[in-house]
Amino acid sequence: MKQILKLTMGLLLLFAVSSTFAQSGEKVSTPVTVTVEKATVVFGNIVQITGTSVQLGNKNTVKIDITKPNATTVSTSGQLTSKGTYNVKFSETNMVGTYNVTAKSPDGKNSAKTSFRVVGAGDINEITKERQQSVVQLTKKMDKIANVVKTLVETGEDFPGREKISENIAQVNRALTQLPKQMGKVNEALNQVSMLIAQYPGLSNVNEVARLTLALDEERQKIDEMDEQADDLLSHIPKSQGMSICDQMEAAIEGLEFLGKSFDILTNGPAKIATIVFNSVLPMAIDRIYEAVIPFEERNVTTKTIFGTSVKTTVTLLKDGYEDVVQYVKGPMGLIFDAVGYMTELGFERLCERFTGPIEGTFSVDAKDAGGRPFYRYKIYITGRLILRYEKRDNTGNAPVPLTGHFEGIATKFEAWEDFLGRLEGLNTVLFHQVVLPIAVPEPINWMSDAIVGKTGSAAMLPNYFRIPVTGALSADGKSVVIKVAETGIVDFKEDLCANAFYASMPMGSIIPLVQKFDIPMQNAQFILSRGLRSPATVKVKTEKLSGGTLVKTIEQTFKREEVVSNGEVTVKFDLKVKACSPDCP
């Protein structure tokens, strides 16, 4: 039998929340997950293997099989904690290649797989090729973004510096076509490293050289992260074409800033890594490396001189290769910097104004059964920012001023509780109970730059990111703002967002444990924001003069809402804090 709970706010509230739960639960195989802390490590390093599963009475360990590159398998196990997690350290990484990991549930009826890669100096050739492929792929998308930006600039309203910006972008396009070739100089230097390893095979086992291989692979991963961000950017900035001049300009600035960040990732970071690994670590260890690489009977002044010279020559080639790329990229990066300056100061700030500031809040659902007994509850925490733009020429004082913009942010935390099994009949002993929550990454975000603090990626790369368009109007007298949340988001939480409750229990008269899964469906950000604000929402504008004489307009309001529905069985709460200033909040 199935029980359907409907949370209906009534016709005046114009929305409904509905959730469906199977009263008998879904019978599933014993769940098990497995992950590795790092996808790539240097040989000899420890790999952390973690995951989750369900305890089944005295069966409380997860068997883990690690298949090495030579097809031999090492078996170990992880003890499950009371929270259903396990942690295993694997140290037998003395062979380069791919290690396949299989984790088996305590009853052996289900499994999960992952893998990690162990690299050494001998992998430089392969990783160099992968890195070059990543460079080519990213530069193609950078070129697309540059073309979109150029279109946004050229089709928008004229402003001082527009022609200069268009020319700068054209030069950036030309520089992008040559960038893979310029990066080829680095590849030549890396090929020299491979030749050195071929000449001195013992270098393959030297940790300092292996660190270069790992640094190159980490660089490739950062380039791939930027490639994903490019996809996100290409999914929404072209949509600004044909909208207000302010929307087009802000989208163009966003695209230009991405190009600048991408150029930086492609050059400065790797150059610093190369300098650290080769100019600091390696020269200091040449004597030790010489003794590790050259057989004792072949060691003499001549072989040591030849070895040292070969290493220093390779170091110089690699350093010079990166420095050439850095010097080359200074040109397009300077053009981008100038274009952003022109676009911001002569374009956006001249023609547009915007409100921008932080948002944070929570949304919760608390349900009881018909008898008043707690049934389930969940809570979502969000944080982010609000941006509202308008054209200065529309602000005549005679009519409302149209606003456009968006909410964007992330879910920083999910909470959930339930008592589904208490409603099941015929069950005896609960062996294990676990609630698995959706992924939330409480990363510190600099919302002014949309960047994860201390990391390469942007907020858009995090799980459960949202970007919800808004429209509205600034009143003719400038004393209030109306905010209307769009019906659908450009990006929102995944459609089937839910928490999962797992139970392992022993039915009466049975000797075989039963594993069941119950879902707790959760609402998306568009729902939380639109219903929490009772969209469209009207917010007062406060104007104050700062000590320096600057006038700052601020909209700030806390939206609290609590509704009891479904004959008193369900309580829904919204608590949202919204603040935005023009210019930026002090």
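The values are calculated or read from the model by the stated rules, or taken from the named source; none is laboratory data. Everything numeric here is computed off the predicted structure, so don't read it as measured data. FYI the Cβ positions are ideal-geometry reconstructions off the backbone, even for glycines, and counts take in every protein chain you see.
Just one of (1) under 17 Å from Glu218 (Cα atoms); (2) assigned to a strand (DSSP E or B) fails for Arg131. It is (2).
Please go through region 261-309 and pick out each residue that is more than 20 Å from Ser204 (Cα to Cα), among the basic types (Lys, Arg) and modelled with pLDDT of 75 or more. Hit for region 261-309 is Lys261, nothing else. The residues of region 155-201 that are closer than 30 Å to Phe307 by Cβ and assigned to a loop (DSSP other than H, G, I, E, B) amount to a single one, Tyr200.
Applying the set (1) part of a loop (DSSP other than H, G, I, E, B); (2) under 26 Å from Asn205 (Cβ atoms); (3) not β-branched (Val, Ile, Thr) to Lys83 leaves exactly one unmet item: (2). Of all the criteria given as (1) under 27 Å from Phe337 (Cβ atoms); (2) at pLDDT 85 or above, the one not satisfied by Asp217 is (1). Please determine, by comparing only the residues of region 537-575 that are modelled with pLDDT under 90 and within 30 Å of Ala370 (Cβ to Cβ), which one is surrounded by the fewest Cβ atoms within 10 Å (Cβ to Cβ). Out of the qualifying residues, it is Asn567.
When Leu335 is tested against the conditions (1) under 30 Å from Gly532 (Cβ atoms); (2) surrounded by 15 or more Cβ atoms within 10 Å (Cβ to Cβ), the lone failure is (1). Just to be sure before I move on: is Gly97 within 17 Å of Ala210 (Cα to Cα), surrounded by fewer than 19 Cβ atoms within 10 Å (Cβ to Cβ) and touching a helix residue (DSSP H, G or I) at 6+ places or on another chain (Cβ under 9 Å) in the structure I sent? Yes, satisfied. Among what's in region 35-73 and is touching an Asp or Glu at 6+ places or on another chain (Cβ under 6 Å) and at pLDDT 95 or above, pick the residue that is surrounded by the most Cβ atoms within 10 Å (Cβ to Cβ). This residue is Gln48. From the list Ser530, Ser510, Ser505, pick out the single residue that is assigned by TED's automatic domain parsing to the domain that holds Arg373 and either among the hydrophobic types (A, V, I, L, M, F, W, C) or exposed (fewer than 14 other Cβ atoms within 10 Å of the Cβ) (or both). Criteria check complete, one pass: Ser510.
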